Amino acid sequence: MEEYMNLVPVRNEKVELKKIEGKYYLLIPMESKLDFLARKLHGEHRRIELDEIGAYTWELCDGRRTVKEIGKALKARFGDEVEPLYERLITFLFELGKRYLVEFKNGNELIYGGDRNDRA
């Protein structure tokens, strides 16, 4: 787990966090030609609902903070509610990476989630 602490998560610029009717959502644009039917049924964006911890984590993924720094900020705001902190945080961030919602920097090197050829 220590090898992940210095990674810097960077949000996908195309994805937007919005609060709608008291709930937080990541709005992911459906831009692929293959999304034609989904756009007809659901509009221009896919939505992923986040709780308050997930929404705050998303905001902290600004391309400057490391995983360790994000964890400290979460602990300061939410206390024991985020425990086990780094196990949950790393799992969440890598799930976002698999969906191309965040990328990771390690120094100047970008590390992508999932397959580099299939990005949002």
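Taking the centroid of alpha carbons for each part, segment 39-72 and segment 7-26 are 4 Å apart. Going 7 Å from the Cα of Asp35 in the Cα-to-Cβ direction, what parts of segment 74-105 have a backbone nitrogen less than 17 Å from that spot? Residues 96-103 qualify, since their backbone N sits under 17 Å from the label point.
Within the shell of other residues whose beta carbon sits under 12 angstrom from the beta carbon of Phe92, the net charge comes to 0, with Lys and Arg scored +1 and Asp and Glu -1.
Rounded to the nearest 500 deg cm²/dmol, what is the calculated helix-only ellipticity per residue at 222 nm for the chain, with -39500 (n - 2.57) per DSSP H run of length n ≥ 4?
On the way: 4 runs with 42 residues, N = 120.
So the calculated ellipticity at 222 nm is -10500 deg cm²/dmol.
Provide the FRET efficiency to the nearest 0.05 for the Ala76-Lys23 pair, computing r from the beta carbons and using R0 = 22 Å. If you can, show how the numbers build up before the last one.
Details: r = 24 Å, r/R0 = 1.09.
The pair Ala76/Lys23 has a calculated efficiency of 0.40.
The string of couplings for segment 56-67 from the Karplus curve (6.51, -1.76, 1.60, θ = phi - 60°) is 5, 4, 4, 4, 6, 7, 9, x, 10, 8, 7, 4 Hz, one whole number per residue in order, with x for Gly and Pro. Label separation (Glu83 vs Tyr4): 1.9 nm, computed from points 7 Å beyond Cα along the C-beta direction. Electrostatic tally near Glu52: other residues with Cβ closer than 12 Å to its Cβ, Lys and Arg +1, Asp and Glu -1, net -1. From the square roots a ≥ b ≥ c of the eigenvalues of the alpha-carbon gyration tensor of segment 2-111, which class results: rounded (a/c under 1.5), prolate (a/b over b/c), or oblate? Cα axes put segment 2-111 in the oblate bin. Straight-line reach from Lys75: which aspartates and glutamates have a Cα under 17 Å away, not including same-chain ones fewer than 8 places off? Straight-line reach from Lys75, under 17 Å: Asp51, Glu52, Glu59, Glu83, Glu87.
With the highest mean first, a sort of the peptides 13-22, 67-76 on other beta-carbon atoms found within 10 angstrom per residue produces 67-76, 13-22.
Just so you know, all these numbers are worked out from the coordinates, no wet-lab data involved. Small disclaimer: the values here were computed from a predicted structure and weren't measured. Neighbour counts run over all protein chains shown; Cβ positions are idealised from the backbone, glycine included.
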